[in-house]
Number of protein chains: 2
Amino acid sequence: MSLRIAVVGSGAIGSYYGAKLAYAGSDVHFLMRGDLSEVHHAGLYVRGKGENFRLAEVNCYNSTKEIGPCDLVLIAVKATSNTDLVDLVPPLLHRRTMLLTLQNGLGNEEFLAEHFGAKRVLGAICFICLSRTSSTEVERYDYGHIKIGEHGRAPQLRTQEVAGEFTRGGVQCSVVENLALERWRKLVWNIPFNGLSILAGGIDTAAILRDEDLRRTTLGLMEEVIEAANKCGYRLERSAASQQMKRTETIGPYKPSTLLDWEAGRPLEIDPIWGEPLRRATAAGANLPRLEIVYTLLKSRGETGRGKESAAKMGNRSS
Amino acid sequence: MSLRIAVVGSGAIGSYYGAKLAYAGSDVHFLMRGDLSEVHHAGLYVRGKGENFRLAEVNCYNSTKEIGPCDLVLIAVKATSNTDLVDLVPPLLHRRTMLLTLQNGLGNEEFLAEHFGAKRVLGAICFICLSRTSSTEVERYDYGHIKIGEHGRAPQLRTQEVAGEFTRGGVQCSVVENLALERWRKLVWNIPFNGLSILAGGIDTAAILRDEDLRRTTLGLMEEVIEAANKCGYRLERSAASQQMKRTETIGPYKPSTLLDWEAGRPLEIDPIWGEPLRRATAAGANLPRLEIVYTLLKSRGETGRGKESAAKMGNRSS
């Protein structure tokens, strides 16, 4: 049985995984807006380590009504646009439609569960370095594998089926027992590196690791995230911190996605990566001064906005 | 007996206090560099709440050698230029010359003590909102009083004498028993507000207090500074935090000096305000995660520099 698949959110992530599935023969339907006619005429190009293909015929649509009911919906909008999903998703639903969020951080599964019913919801954690280099081209720099799991449940037959669909599409995909635990595990990396790369002045992972104090702060944040996960009931092992530090040393200079969003003036996914983990762990009794200050500063800078920051000037007072 | 006074560092602070003393008849000699000839011809203007005067004849010099030995030297260079003092100060010294640092934070008295002998050293804590509006004009927006004390000693007769000199110059001046304790007390304000105003995206004190999370972070930092002071042996009372919060609410929107330095692209006094307090308190066994992260981020951003930050760009990767 082949799955009818919709992709909602055709940025780098949605375009890449959707194109991989479609190129391998899956029945994929993309929601597109501004880029629709260009993609319709030119197709979608995917380039990267060991792959270089053009999806010539892209099923792309202006609205989810035109797509109609699907078996699986890949949710790949930025979390800052989640409220758009309230109107976009319903035309895609039949009784057993699965919603698979490819988004970062915590709270996205819960958002989908709240609006469309918890039993529809699965989550994917994407380990990938990607760039949308034009409206018709995506370039993959590194990695690509995903971990998928059920929201609040152990894996089911359907979870394996979805994983199989990705595997057939050439995407390395594993099924995880405990999706939330794996989300926390990824946050052990994202919370320090995505946050510090912006707050320390727009620097990459190698620059963070080179500075002894930033390195100590990174480790301090990682330990807080592990503490937070455990307070929330997820048995994330303490060694996750040193493992991630070591792994990061081997990947070379890398700019986290949030830094790229920041540099490009795009909205930041502050709530799923920092806000929601902080709220949950604080409610569970954790004391997280580093996470709290990183969240607070990012939120404030996100609101001030990159543009406004350089503009603010006034007299030359002294205190 | 009138004191022969030198002012080393003729920015806003040095110019203001030097001009006040000279205008009241003290024997003041200014070290100046770029602005010497302009000040020599035009004099120094001081404007502010309830004062508006011109010091017509300014004793200004190109080198401290020309000034020669003095009884009191006001040290008003930025702490980031302290190493310049090693050459600048010796020509000003006789056996009993006093060095009074008007600089911010911790470590400046120690620097002077190390190079010129501890018994010469006094410190002043300046509570003032000032601006150097041109090379010949200083404008005072608010406050102006100073607290002076001896470095590592109780006040002496000479401390009173120096305070008297300022008082005669129309500067409200009190002598403090324990200079270091008062430095820590001022840090309870400077550490959070100077730091967060930069890190939160270039915002003033009122914007910090308006944001509930920044307000909580401010209070958390204040509590850490009080804890740090106590670990270092200074009995700074816990209520200092709430007192300073209340005081800050009454002064209205205000940009701390470090933010103005940042906006103007000047070097930041990171070490005396954050680095040295952190090092001392950590050595005394304090755990200061908030101060540590604020220091680390400021240091990194100070090194990256405001200009470089906007320049850094690369591909649009995603993680």
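Can A:Ile198 be described as farther than 23 Å from A:Lys78 by Cβ, part of a helix (DSSP H, G or I) and modelled with pLDDT of 95 or more? Step through it out loud before you land on a result.
On the way: farther than 23 Å from A:Lys78 by Cβ: no; part of a helix (DSSP H, G or I): yes; modelled with pLDDT of 95 or more: yes.
For A:Ile198, the condition - farther than 23 Å from A:Lys78 by Cβ, part of a helix (DSSP H, G or I) and modelled with pLDDT of 95 or more - is not met.
Against the conditions (1) hydrophobic (A, V, I, L, M, F, W, C); (2) within 14 Å of chain A (Cβ to nearest Cβ); (3) surrounded by 19 or more Cβ atoms within 10 Å (Cβ to Cβ), where does B:Phe111 fall short? Just the number, please.
The failed condition is (2).
Out of all the residues in the stretch B:210-228, which are more than 8 Å from chain A (Cβ to nearest Cβ), buried (at least 17 other Cβ atoms within 10 Å of the Cβ) and not acidic (Asp, Glu)?
Within the stretch B:210-228, B:Thr218, B:Leu221, B:Met222, B:Val225, B:Ile226, B:Ala228 meet the criteria.
Please go through the stretch A:159-176 and pick out each residue that is open to solvent by 50 Å² or more (accessible area, probe 1.4 Å) and in contact (Cβ under 8 Å) with a residue 60 or more places away in the chain.
A:Glu161, A:Arg168, A:Gly170
If I go through the stretch B:271-297 residue by residue, how many of them are buried (at least 20 other Cβ atoms within 10 Å of the Cβ) and either at pLDDT below 95 or of a type in the set (Val, Ile, Thr) (or both)?
Qualifying residue count, the stretch B:271-297: 4.
Test B:Ala76 against the stated conditions and say whether it is touching a Phe, Trp or Tyr at 6+ places or on another chain (Cβ under 9 Å) and open to solvent by less than 30 Å² (accessible area, probe 1.4 Å). First the steps, then the outcome.
On the way: touching a Phe, Trp or Tyr at 6+ places or on another chain (Cβ under 9 Å): yes; open to solvent by less than 30 Å² (accessible area, probe 1.4 Å): yes.
Yes.
Would you pick out the residues in the stretch A:38-78 that are among the acidic types (Asp, Glu) and in contact (Cβ under 8 Å) with a residue 12 or more places away in the chain? Break it down stepwise before answering.
Pass one, the stretch A:38-78, residues among the acidic types (Asp, Glu): A:38, A:51, A:57, A:66, A:71.
Correct list: A:Glu38, A:Glu51, A:Glu57, A:Asp71.
Would you mind telling me which numbered condition in (1) more than 9 Å from chain B (Cβ to nearest Cβ); (2) modelled with pLDDT of 95 or more; (3) within 14 Å of A:Asn194 (Cα to Cα) A:Leu268 fails?
(2)
For the stretch A:22-47, what are the residues that are open to solvent by 60 Å² or more (accessible area, probe 1.4 Å) and under 17 Å from A:Glu139 (Cα atoms)?
Of everything in the stretch A:22-47, those that are open to solvent by 60 Å² or more (accessible area, probe 1.4 Å) and under 17 Å from A:Glu139 (Cα atoms) turn out to be A:Tyr23, A:Tyr45, A:Arg47.
Can you find a residue that is away from chain B (no Cβ under 14 Å), surrounded by fewer than 22 Cβ atoms within 10 Å (Cβ to Cβ) and touching a His at 6+ places or on another chain (Cβ under 9 Å) anywhere in the stretch A:231-240? Spell out the reasoning first.
At the first step, the residues of the stretch A:231-240 found to be away from chain B (no Cβ under 14 Å) are A:231-240.
Checking which are surrounded by fewer than 22 Cβ atoms within 10 Å (Cβ to Cβ) leaves us with A:231-240.
Now drop any that are not touching a His at 6+ places or on another chain (Cβ under 9 Å), which leaves none.
No: zero hits.
Pairs needed: first member in the stretch B:249-260, touching a residue at least 60 places away in the same chain (Cβ under 8 Å) and aromatic (Phe, Trp, Tyr); second member anywhere, assigned to a loop (DSSP other than H, G, I, E, B) and surrounded by 12 or more Cβ atoms within 10 Å (Cβ to Cβ); C-beta distance under 9 Å; at least 6 residues apart or different chains.
Hits for this filter: B:Tyr254/A:Arg317; B:Tyr254/A:Ser319; B:Tyr254/B:Asp204.
Return a yes/no flag: does the stretch A:126-135 have any residue that is hydrophobic (A, V, I, L, M, F, W, C) and touching a His at 6+ places or on another chain (Cβ under 7 Å). Show your work before the answer.
At the first step, the residues of the stretch A:126-135 found to be hydrophobic (A, V, I, L, M, F, W, C) are A:126-130.
Subsequent filtering for residues that are touching a His at 6+ places or on another chain (Cβ under 7 Å) retains A:127.
Checked against the condition, which is being hydrophobic (A, V, I, L, M, F, W, C) and touching a His at 6+ places or on another chain (Cβ under 7 Å), the stretch A:126-135 yields at least one hit.
I'd like the residue in the stretch B:1-21 that is open to solvent by less than 60 Å² (accessible area, probe 1.4 Å) and in a loop (DSSP other than H, G, I, E, B) and, out of all such residues, is nearest to B:Thr97 (Cα to Cα). Break it down stepwise before answering.
First pass over the stretch B:1-21, keeping only residues open to solvent by less than 60 Å² (accessible area, probe 1.4 Å): B:3, B:5-21.
Pick out the ones that are also in a loop (DSSP other than H, G, I, E, B) and you get B:3, B:9-11.
On the way: B:Leu3: 10, B:Gly9: 17, B:Ser10: 20, B:Gly11: 22 Å.
Restricting to residues being open to solvent by less than 60 Å² (accessible area, probe 1.4 Å) and in a loop (DSSP other than H, G, I, E, B), the top hit is B:Leu3.
Among what's in the stretch B:114-133 and is modelled with pLDDT under 95 and in contact with a Phe, Trp or Tyr (Cβ under 8 Å, 6 or more places away or on another chain), pick the residue that is most open to solvent (accessible area, probe 1.4 Å). Step through it out loud before you land on a result.
First, pick out the residues of the stretch B:114-133 that are modelled with pLDDT under 95: B:127-133.
Filter again for in contact with a Phe, Trp or Tyr (Cβ under 8 Å, 6 or more places away or on another chain), leaving B:127-131.
Working: B:Phe127: 46, B:Ile128: 5, B:Cys129: 12, B:Leu130: 0, B:Ser131: 4 Å².
Among residues in the stretch B:114-133 that are modelled with pLDDT under 95 and in contact with a Phe, Trp or Tyr (Cβ under 8 Å, 6 or more places away or on another chain), the one most open to solvent (accessible area, probe 1.4 Å) is B:Phe127.
Restricting attention to the stretch A:98-124, which residues are in a loop (DSSP other than H, G, I, E, B) and more than 20 Å from A:Tyr16 (Cβ to Cβ)? Walk me through how you get there before you give the answer.
Pass one, the stretch A:98-124, residues in a loop (DSSP other than H, G, I, E, B): A:102-107, A:117.
Result: A:Leu106, A:Gly107, A:Gly117.
How about the stretch A:31-97: which helices (runs of 4 or more DSSP H) wholly inside it have at least 2 residues that are more than 19 Å from A:Glu110 (Cβ to Cβ) and assigned by TED's automatic domain parsing to the domain that holds A:Cys129? Outline the logic, then answer.
On the way: elements: A:36-42, A:64-67, A:85-88.
Answer list for the stretch A:31-97: A:36-42, A:64-67.
Could you look through the stretch A:134-158, keep only residues that are within 14 Å of chain B (Cβ to nearest Cβ) and of a type in the set (S, T, N, Q), and pick out the one that is surrounded by the most Cβ atoms within 10 Å (Cβ to Cβ)?
Out of the qualifying residues, it is A:Ser135.
The values are calculated or read from the model by the stated rules, or taken from the named source; none is laboratory data. Remember, it's a predicted structure, so these values are computed and weren't measured experimentally. Because the Cβ atoms are built from the backbone with ideal geometry, glycine has one as well, and the counts that use them run over all protein chains shown. The accessibility values were calculated without ligands, DNA or RNA, using every heavy atom of the protein model including side chains. Shrake-Rupley method; radii C 1.70, N 1.55, O 1.52, S 1.80 Å.
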